[in-house]
1. Tell me, which helices (runs of 4 or more DSSP H) lie completely within the stretch 98-158 with 3 or more residues that are buried (at least 19 other Cβ atoms within 10 Å of the Cβ)?
2. Scanning the stretch 16-45 for residues that are part of a loop (DSSP other than H, G, I, E, B) and modelled with pLDDT under 95, which turns out surrounded by the fewest Cβ atoms within 10 Å (Cβ to Cβ)?
3. Residues that are more than 26 Å from the chain's Cα centre (by Cα) and under 28 Å from residue 247 (Cα atoms): find the strands (runs of 3 or more DSSP E) completely inside the stretch 278-350 holding 2 or more of those.
4. Taking the stretch 71-86 as the search range and keeping residues that are in a loop (DSSP other than H, G, I, E, B) and at pLDDT 95 or above, which one is nearest to the chain's Cα centre (by Cα)?
5. Which condition number does residue 347 fail, the rest of (1) crowded, with 18+ Cβ neighbours inside 10 Å; (2) within 19 Å of residue 128 (Cα to Cα); (3) at pLDDT 95 or above being met?
6. For the stretch 1-15: of the residues being surrounded by fewer than 16 Cβ atoms within 10 Å (Cβ to Cβ) and more than 16 Å from the chain's Cα centre (by Cα), which is farthest from residue 151 (Cα to Cα)?
7. How many of the residues making up the stretch 147-177 are more than 30 Å from residue 376 (Cβ to Cβ) and either modelled with pLDDT of 95 or more or more than 20 Å from the chain's Cα centre (by Cα) (or both)?
8. Is it true that residue 290 is at positive phi and touching a residue at least 12 places away in the same chain (Cβ under 8 Å)?
């Protein structure tokens, strides 16, 4: 079975964005309509800019699917940029002829901002570091790929992961938890998932959402931007995804890296996250109450966010991401020129959103789902969706059966009651784990 992975390609104002998703088991139902639903969610949210009015994202499936079912081969997706028609000469792929280059230069001289090379780097963006790294004298080469427009391809890929996980009983959703310092109150989070999805900021707390909206309006009036926090929750995960045996097999590490890779995210936490540092351990760690009648292990709380030791523990996975304010400001900050190195009064400005926290949450869903799909495929294998489901079902059955009673000094026995060398019943565990001080 090929590892589950994905790659994206394309520029913000190029002709298209692309994604290749590899390792998708055969037999999964995938349609362009299913993918379109998530792409539409990414474009919504109070505080979005004019680009969202131009684009009406829809992914075209060009490979890996036949008659609505995956073939086990790589899935090729394309999301066309409708704004490309306004950038055809500026973002032309082929080399410019002398005449085309002269026309572009004349257009820039006439004040066409699209045609003018970008040299005033933006604070908080990849402009300066990217231009120096790749030896560019026009920041356009950086900002076109560093743009959050690329995340449309991620969301398209994530929709395939969503379909795969849904077949296994795993569901993922996100909501807006904070904007501009205004946080929701869990006690007032009365909206259903459907109601939340229909709300301007995808926030389950109506009162908080009203205050968040006011903060966005305040930022807009000031020519500024505002950040916030999203929360992603996954239900239905089995105990045992990930591993503690190596750093790169820890699921929490993989998820943190995936969510941090989103252009605007500057911090990731699980469960209580940093709040754990301000509490005593007795109020942080999730008490294990034992197995229920169905063999499911129950925790009294979920402060760990569904992960212990880099492994899922059966509770819902809870991941939060800190979204910084967008770097492109309607009232630009002072900066410097890439070519001269001199200070300039204003950094480059290109149309921008005011706040993207709801959209960032949708992108984070995609990154979480793509990561979980990779770990599921790695653990349960299989060339078809039915193979994976069979493996998962067998595993779920195994972990609901009580373990054999251990025997001191000997291997575990398969009998219901293990018997030691002296004929005595096998020993039960104690509350002394025998670890050192670095547990």
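1. 140-146
2. Result: 44.
3. 297-299
4. The extreme case among them is 74.
5. (3)
6. Ranking the candidates gives 1 first.
7. 0
8. No, not satisfied.
The values are calculated or read from the model by the stated rules, or taken from the named source; none is laboratory data. Everything quoted here is computed from the prediction, not taken from an experiment. Note that we place each Cβ from the backbone using ideal geometry, even for glycine, and neighbour counts take in every protein chain shown.
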